[in-house]
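Single-structure report; data block below.
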Amino acid sequence: MKLFPSGHATHPQWRTAAGLVLAQLRAQMTQPDYASAPTLGLLYITDLLVPDAQEILDFLSAELPEITDWSGTVGIGIAANNAEYFDEPALAVMLCELPSDQFRVFSGVAPLGNADMPRAGGPNQNFQAYTALVHADPATHDLPDLIGDLSARTETGYLFGGLSSGRGPTPQFAIGGNGNISGQGAASGVFSGGLSGVVFGQGVRLVSRVTQGCQPVSPERQITEADGNLLLTIDGEPALDVLLADLRVSLDEPQQAIEAVRATLVGLSSPGSDGLRRTGDLGADVLVRHIIGLDPTRRGIAIADQAEAGMRMTFVRRNAQTARADLMRICAEIREELEPEEQTLEVASALAAGEAEASPHPARRMAGAVYVSCSGRGGPHFGAPGAEMQIVRHALGDVPLVGFFAAGEIARHHLYGYTGVLTVFVSD
């Protein structure tokens with residue numbers, strides 16, 4: 001597997017931006033280290049280009065006829081190599097060279113159940129899903145259940161992706177099998193609602209990590225009584241009393257208490273899962289949820305999720321420094337997992353290259369990457385334009401990358417908030 005060609009651009013006219021992206025893709029496809037015969041296109045656009053979504057997909061499909069499969073969606077911001085685009089019309093594309101019998105595009109009109117069937121024009125054999133890149137409409141009913149069901153349909157149970165985001169409609173892209181997915185009929189490839197994405201077979205190796213963006217402000221405790229989304233007691237004490245004590249505020253000073261509670265969230269985890277690490281940071285299994293109300297009568301705390309007695313919880317707050325450190329940690333973990341135990345001089349030189357020389361290199365064994373981050377993160381949260389993607393580049397090394405800033409992030413069978421999900425396609 002060679003490096004995946006990728007390109008990104010912004011321009012008030014979508015056709016000019018798409019032309020700039022095409023020029024980057026075509027230039028890379030002529031280079032020996034890059035894939036010359038890609039099979040799958042990943043397309044992400046900012047919400048300002050939503051009115052042109054169909055024309056953009058049609059244009060790219062016509063200009064790149066060798067790419068018969070497309071997937072992607074819209075974000076209030078999109079991510080690319082060392083760049084972030086917010087509040088401007090922009091698109092990012094990555095062309096993946098994968099064996100045609102090792103992936104399937106799916107959508108609401110061609111769900112994963114149909115993706116198990118032989119591909120039109122492909123090998124006459126059933127396809128087995130191991131993992132999947134997922135895009136989801138945030139307005140979809142019972143979304144957590146759908147994500148869990150989709151996870152159960154894969155061999156590993158691991159999903160990665162996120163919820164489309166924008167200030168209006170949030171379409172998704174899905175074209176497969178020479179312009180049509182079995183069951184798709186005359187659908188044009190631009191969809192609204194439900195789930196879409198790409199399922200991958202065992203032959204596509206991926207390494208994925210979740211990075212948290214919040215810092216604990218209380219010890220980890222156990223929920224001892226709950227009623228739906230209302231936490232009633234924590235460690236046997238009234239939940240509201242525990243919250244006020246941890247935040248060191250009192251309802252006798254309501255304004256101070258309201259401000260403190262508004263800045264606080266709840267990190268939930270199941271018993272025995274990866275909750276607080278020994279370092280005091282949030283583990284990958286912690287799901288951060290908003291506090292949506294207080295019940296002074298029952299001394300309870302209402303949160304934006306269902307809770308059960310026995311679950312672990314901690315109060316948390318968003319923290320840019322914590323988010324930066326955890327993002328660097330997962331990048332380091334990915335690099336360490338992919339670095340060979342024995343290195344030639346060429347490989348060692350490539351891995352040790354400084355940032356100025358850190359152009360994509362096959363020695364890093366990263367053909368490409370997809371990064372889905374919370375729409376509340378990005379440069380605005382980290383303090384400068386493009387800051388989050390610059391952290392990724394500095395910590396991971398330069399790698400072909402596309403992604404988007406989501407209304408919720410998906411990893412495994414969980415729906416996260418305020419996190420980033422970084423997934424790397426591994427080359428041999």
In terms of the charge dipole of the range 273-344, which places +1 on Lys and Arg and -1 on Asp and Glu at the beta carbon, the residue among 283, 300, 332 farthest towards the positive end is 300
Taking Cα atoms, how many degrees apart are the long axis of helix 320-338 and the longest axis of the chain, rounded to 10 and kept between 0 and 90?
50 degrees
What is the P(r) of the range 234-345, as percent of Cα-Cα pairs per 5 Å bin from 0?
2, 10, 17, 20, 16, 12, 8, 5, 4, 3, 2, 1, 1, 0
Local electrostatic count, residue 225, Cβ distance below 12 Å [Lys/Arg +1, Asp/Glu -1]:
-2
What are the ³J(HN,Hα) couplings of the range 4-20, residue after residue, when phi is run through the Karplus curve with 6.51, -1.76, 1.60 and θ = phi - 60°? Round to Hz, x for glycine and proline.
7, x, 8, x, 8, 6, 10, 6, x, 9, 4, 5, 5, 4, 5, x, 5
What number comes out for accessible area per residue over the range 1-114 if the probe is 1.4 Å? Units Å², please.
34 Å²
Got a number for carbon plus sulfur as a percent of the range 7-114's accessible area, 1.4 Å probe?
54 percent
Given the peptides 91-104, 5-18, arrange them by the average over their residues of other C-beta atoms within 10 Å, most packed first.
91-104, 5-18
Helix-derived [θ] at 222 nm for the chain: sum -39500 (n - 2.57) over DSSP H runs of at least 4, divide by residue count, nearest 500?
-7000 deg cm²/dmol
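The values are calculated or read from the model by the stated rules, or taken from the named source; none is laboratory data. Small disclaimer: the values here were computed from a predicted structure and weren't measured. Every residue, glycine as well, gets a Cβ built from its backbone with ideal geometry; the counts of neighbours run over all protein chains shown. Protein only, heavy atoms only, side chains kept; ligands, DNA and RNA dropped before computing areas. Shrake-Rupley method; radii C 1.70, N 1.55, O 1.52, S 1.80 Å.
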